[in-house]
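The values are calculated or read from the model by the stated rules, or taken from the named source; none is laboratory data. Just so it is clear, the structure is predicted and the values come from calculations on it, not from any experiment. All Cβ positions, glycine included, derive from the backbone under ideal geometry; neighbour counts span all protein chains shown. Please note that ligands, DNA and RNA were not included when accessible areas were found on the heavy atoms of the full protein model with its side chains. Shrake-Rupley method; radii C 1.70, N 1.55, O 1.52, S 1.80 Å.
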Amino acid sequence: MSVDVLTLYLLNFVVAFVMAGIYFFSWSHHRDVPGVRGWAIALALGALGSLELSLRTTSSPLPMVIMANSLVVAAYATLWMSVRRFNTGELALNRAVIPTVLFFIIFSSALAGGTDVNVRVALCSFAIAILSLLAGWEVLRARISEPLISRIPTALALLITALAMVVRIVFSLLEDPPQEPTTPFYDPTQGITLLVNTICVVAMTLGFLMMTHERLRHHYESLARTDELTALPNRRFLLDEGKRLRDPACVLMIDLDHFSEVNRTFGHAGGDQALIAFANLARSQLRPGDLVARYGGEEFCALLRDVDEPEAQRIAERLRSSIADLSIDVDGRPLRITASIGLARLDGDLETAMRNADAALYSAKALGRNQVQSAGDVSETDAS
């Protein structure tokens, strides 16, 4: 079985050219996603390299042959750089430039020195294999910090590309070089590995596009459940998460005292600094399994998991004390805040617990603010 290599080069040109257009379109709408433009450039370089390879003749000048192969290698080097930029945001041009320049020098020297065609095929295949493996490793490396499902098929396509190129290297080095002049489209694997490579280019390109869209979807989902100012979960997320809360658990309703006075004295920018400082403090004071969210304005709510009321009281008191000790620098002026906290035990119904904690909060404010009040204490006072 053999595949027409010229047809494959033309097919690669069309596929890479169309995909580059899609990626440039995607980048124009999502410029905040790093790496998309780089991938588009990689596809454009691959398209140009494939076009030049398809236009070769037996009398083509050496610079054209060198440039065509270097463009293909540059495409894979840019792809590697783009995946790393997608993961880290770092624009490391040396990852694209250095491999391309090294290949250009080595391949030019081999061609000028009269190296046989099998060795030149092996050189190109080796460069593509190494760069595909590096790109695949970059795709998988960030899977722990950003577990996108689409990373797996994308990395698999890059791995298969590398394996196909290894097979091509083996055939190139084991097969005797042709004794007669060959066509410009000679391939020791009769085009089979090039066909696999073409399929993998489509797969990896679609895979990266899926990674981009998956990241954007996660980003918008995060925005929908996160308060923009404090980066805490918002009320919607709190209520959704609270439905899964089980006994024993407690609810804290927290209100920053005299916050309108803070805004009048320090301006809304100072008020925002106070909210951010409280959010950071609450995250550090509460346990890893607890959830604190911005409920609205200067009011916050915390869900304490696996805790009885006395322990919740100690946690709330520790938080209140830490807030009272907090000093916030606002343009050289110290800003101090306090908080009133209402506490209620969860008895199966989150809404009831939140209403009870809210009633306890208002009781704490009525008693002078900067204190913790339990719903049980409020009930006992009302009963007496």
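Values computed for the structure shown
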{"quantity": "Heavy-atom accessible area order for S260, S108, S145, largest first, 1.4 Å probe", "calculated": "S145, S260, S108"}
{"quantity": "Cut-off 16 Å (backbone N to label point 7 Å along Cα→Cβ of E299), residues of the range 222-248", "calculated": "234-239"}
{"quantity": "Centre separation in Å (Cα based) which lies between the range 283-322 and the range 198-267", "calculated": "18"}
{"quantity": "For the chain, calculated [θ]222 nm from helices alone, where every DSSP H run of n ≥ 4 adds -39500 (n - 2.57)", "calculated": "-22500 deg cm²/dmol"}
{"quantity": "Dipole moment magnitude, nearest 20 debye, the range 63-169 about Cα centre, only Lys, Arg, Asp, Glu C-beta charged", "calculated": "140"}
{"quantity": "On Cα atoms only, tilt of 192-225 relative to the major axis of the chain in degrees", "calculated": "10"}
{"quantity": "Length-normalised contact order for the range 64-123 - Cα pairs under 8 Å, 6+ apart - percent", "calculated": "34"}
{"quantity": "Which label in (i) 18.3; (ii) 25.7; (iii) 23.6 gives the computed mean projected area of the Cα convex hull in nm²", "calculated": "(ii)"}
{"quantity": "Solvent-accessible heavy-atom area per residue, rounded to whole Å², over the chain at 1.4 Å", "calculated": "49"}
{"quantity": "Exposure of Y220 as accessible area (Å², to 10), given a probe of 1.4 Å and all protein chains", "calculated": "120"}
{"quantity": "In degrees, nearest ten, helix 259-285 long axis to first principal axis of the chain (Cα)", "calculated": "70"}
{"quantity": "Pair D116, R143: separation of 7 Å Cα→Cβ label points (nm)", "calculated": "4.1"}
{"quantity": "Note, ³J(HN,Hα) from phi for the range 242-250, Karplus 6.51, -1.76, 1.60, rounded to Hz, x at Gly and Pro", "calculated": "x, 5, 9, 6, 10, 5, x, 7, 9"}
{"quantity": "At most 11 other Cβ within 10 Å, DSSP loop - trypsin sites (Lys or Arg not before Pro), the range 1-107", "calculated": "R31"}
{"quantity": "In nm, spacing of pseudo-spin labels at I276 and I98 (7 Å Cα→C-beta vector)", "calculated": "3.7"}
{"quantity": "Nearest-10 value in Å² for the accessible area of I337, using the 1.4 Å probe", "calculated": "10"}
{"quantity": "Of all DSSP beta bridges in the chain, antiparallel share, percent nearest 5", "calculated": "90"}
{"quantity": "With every protein chain in place, the range 136-261: carbon and sulfur % of accessible area (1.4 Å)", "calculated": "64"}
{"quantity": "Tilt relative to the chain, helix 62-88 - C-alpha long axis, 0 to 90 degrees, to 10", "calculated": "10"}
{"quantity": "Evaluated at q = 0.20, 0.21, 0.30 Å⁻¹: base-10 log I(q)/I(0), Debye formula over Cα of the range 239-290", "calculated": "-0.83, -0.87, -1.18"}
{"quantity": "Point-charge dipole on Cβ atoms (K/R +1, D/E -1) for the range 259-377, about Cα centre, debye to 20", "calculated": "320"}
{"quantity": "Sum of side-chain charges, S82 neighbourhood, beta-carbon under 10 Å (Lys, Arg +1; Asp, Glu -1)", "calculated": "+3"}
{"quantity": "Pair V18, H258: separation of 7 Å Cα→Cβ label points (nm)", "calculated": "6.9"}
{"quantity": "Amide proton proximity set for G35, modelled H, under 5 Å, gap of 5+", "calculated": "none"}
{"quantity": "Residue-count net charge about D325 - beta-carbon cut-off 12 Å; Lys, Arg +1, Asp, Glu -1", "calculated": "+3"}
{"quantity": "Potential extension, D247-S28 segment - 0.36 nm per residue separation minus Cα distance", "calculated": "73.9 nm"}
{"quantity": "Mean Cβ count within 10 Å, highest first, over the residues of peptides 253-259, 229-235, 47-53", "calculated": "47-53, 253-259, 229-235"}
{"quantity": "Low-density loop positions, trypsin sites (Lys or Arg not before Pro), the range 239-346 - DSSP coil, at most 15 other Cβ in 10 Å", "calculated": "K243, R244, R246"}
